[in-house]
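Take a look at the structure below.
The values are calculated or read from the model by the stated rules, or taken from the named source; none is laboratory data. It should be emphasised that the depicted structure is a prediction, and the values quoted were computed from it without experimental measurement. Using ideal geometry, Cβ is built from the backbone for each residue, glycine included, and neighbour counts are taken over all protein chains shown. These accessible areas exclude ligands, DNA and RNA; they are computed on the full protein's heavy atoms, side chains included. Shrake-Rupley method; radii C 1.70, N 1.55, O 1.52, S 1.80 Å.
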Amino acid sequence: MLASSLSGKVIITAAVTGAVHTPTMSPYLPITPEQIADEAVKSAEAGAAIVHIHVRDPSNGKPTSDLELFRRVLAEIKRRSDVVVNTTTGGGFGMTAQERLAVVPEFRPEMASFNMGSMNFGLYPYLSKAREWKFAWEEPYIRATKDYIFKNTFADMEIFCRTMREHGTKPELECYDVSHIYNAARLLSEGTLEGPVHMQFVLGITGGIGSSMEDLLMMKQTADRLLGADRYTWSVAAAGRHQFGSCLAAAGLGGHTRVGLEDNLYMSKGVYARTNAEQVSKIRTMVQETTGREAASPDEVRTALGLKGIGAVGF
Ligand code: KMH
Ligand code: ZN
C-alpha cells in the first residue's frame, strides 16, 4: 500500500500547544498566533513532517476555536514552511461540535484530527498540585473536566467524516481506547469512512486507556485484527512522562510518533521543554539511533497518506 512509499521512515508529528495544558503549567507553552506558528515552523525544521494545530486567546492563553486566529497561524506556517498542517477538530473543553469542526470548511486543511468516540476526559488530577494560577479561567477550566463528557457521538462522527470528505481533508483518527478502534471499523464498514485510515493512539488520558506497553500492544493488535495490519497507518501520542517511551516503542513496532507541548511539557523529570523543536529533535535522535529509521519529509508523508497537497488548502 501507499505507506510503503515511506521506505521505513518515521513520521514525526509536533502537537505544539493543544488545549490540555494552561499557561501556569509551563512558561514555554505557545500562546499567541505568532508563537504557535513559530513553534510549528521550528518543529518542522527539526524534523516534524506534520504539525497539529490548536489556537489560544492571545490575551490569556485560553483555548478557542476563533477562525481569525487559526487564519493567522495557518497563513504564517504556510508562508514559511511546506509542513503538513493537521488542524484540531477536538478543540477545547466547552466547545460545541460545530465550533470544533468549523476550521475544516473554512481552511480545507490537508489533515484534521477526528475524535473516535465520546468519553470522560479528566484534567482534574492537575489540581492535586498547589499552584498560583496566572489567569482566572485556568482553575475552573481544569476543575470542570471532572463532570465533562467529550462528546463525539455516532451522529457527530458522521458529520465530521462527511465534512472532511467534502473538503478533501484526511481525518487522523484519535483513538483513546479500544472501543474507538471498533468505532473506526464500524464507520469503515458502513462506508462513512474511506480507507486506508491513519490512526493516532492517544495513551494515558484520564478516561482513556493507559500508557503501558500492554496498552499499546492491545491497541495495535485490535487494529490489526479489525482493520488488517496493512490497511492502516498509525502513530502514538502519550500524555505526560510516558511521551518519549511510548513513541519509541511505537517506532520499534513500525508505527509513527507524535510529540509536542500539547501532550508533555517536559524533556525529562523536572526539566521543562523550552520549545517543541527540542522534543522533535529528541525523538528523532532516539528513533534513529535505536531503530535506524529516518524522519520522513512532508512530501513523503503526502504520498504515503494520500494527501491532496499543499496547493489545495484554503489558507
Ligand atoms: N489533546 C489530545 C489528548 C484533538 O485535537 O482533536 C488529543 C487531541 C485531540 O489532539
Ligand atoms: Zn489536539
Q | the chain - mean residue ellipticity at 222 nm from DSSP helices (-39,500 (n - 2.57) per run, n ≥ 4, rounded to 500) | A | -11500 deg cm²/dmol
Q.
As a test of reading the structure, rank 42, 220, 308 by solvent-accessible area (1.4 Å probe, protein chains only), most first.
A. 42, 308, 220
(Q) Leaving out ligands, DNA and RNA, and with a 1.4 Å probe, what % of the accessible surface on the chain is carbon or sulfur? (A) 52 percent
Q. How would you rank 60-72, 81-93, highest first, on the average number of other Cβ atoms within 10 Å across their residues?
A. 81-93, 60-72
Q) Separation between the residue 57 and residue 271 pseudo-spin-labels, each 7 Å from Cα along Cα→Cβ, expressed in nm? A) 3.6 nm
Q: Please figure out what share of the DSSP beta bridges in the stretch 120-241 is antiparallel and state it in percent, rounded to the nearest 5.
A: 15 percent
Q: Indicate the gyration tensor shape class of the chain (rounded, prolate or oblate), computed on the Cα atoms with a ≥ b ≥ c the square roots of the eigenvalues: a/c under 1.5 is rounded; otherwise a/b larger than b/c is prolate and the rest oblate.
A: rounded
Q: Could you order 57, 299 so the one with the most accessible surface comes first? Probe is 1.4 Å.
A: 299, 57
Q. Among rounded, prolate and oblate, which fits the stretch 64-140 when a ≥ b ≥ c are the square roots of the eigenvalues of its C-alpha gyration tensor, a/c under 1.5 means rounded, and a/b larger than b/c means prolate?
A. prolate
Q) Taking every DSSP beta bridge that has both residues in the chain, what percent is antiparallel when rounded to the nearest 5? A) 20 percent
Q | Relative contact order (percent, whole number), the chain, Cα cutoff 8 Å, 6+ residue spacing | A | 26 percent
Q.
What whole-number distance in Å separates the alpha-carbon centres of the stretch 161-234 and the stretch 235-251?
A. 16 Å
Q: Considering only lysines 8 or more places apart in sequence, or on different chains, count the pairs in the chain whose C-alpha atoms sit under 17 Å apart.
A: 9
Q: For the stretch 114-187, state which trypsin sites (Lys or Arg not before Pro) are in a DSSP loop and have at most 11 other beta carbons lying within 10 Å of their beta carbon.
A: 129
Q) Hey, with R₀ at 22 Å, roughly what FRET efficiency would residue 286 and residue 213 work out to, going by the Cβ-Cβ distance, to 0.05? A) 0.85
Q: For residue 80 paired with residue 5, estimate the spin-label separation in nm (one decimal), with each label point 7 Å from Cα along the Cα-to-Cβ line.
A: 2.8 nm
**Q.** Antiparallel bridge percentage (DSSP; both residues within the stretch 23-142; nearest 5)
**A.** 25 percent
Q) For the chain, with the dipole built from +1 on Lys and Arg beta-carbon atoms and -1 on Asp and Glu ones, taken about the Cα centre, which of 43, 13, 144 lies farthest toward the positive end? A) 43
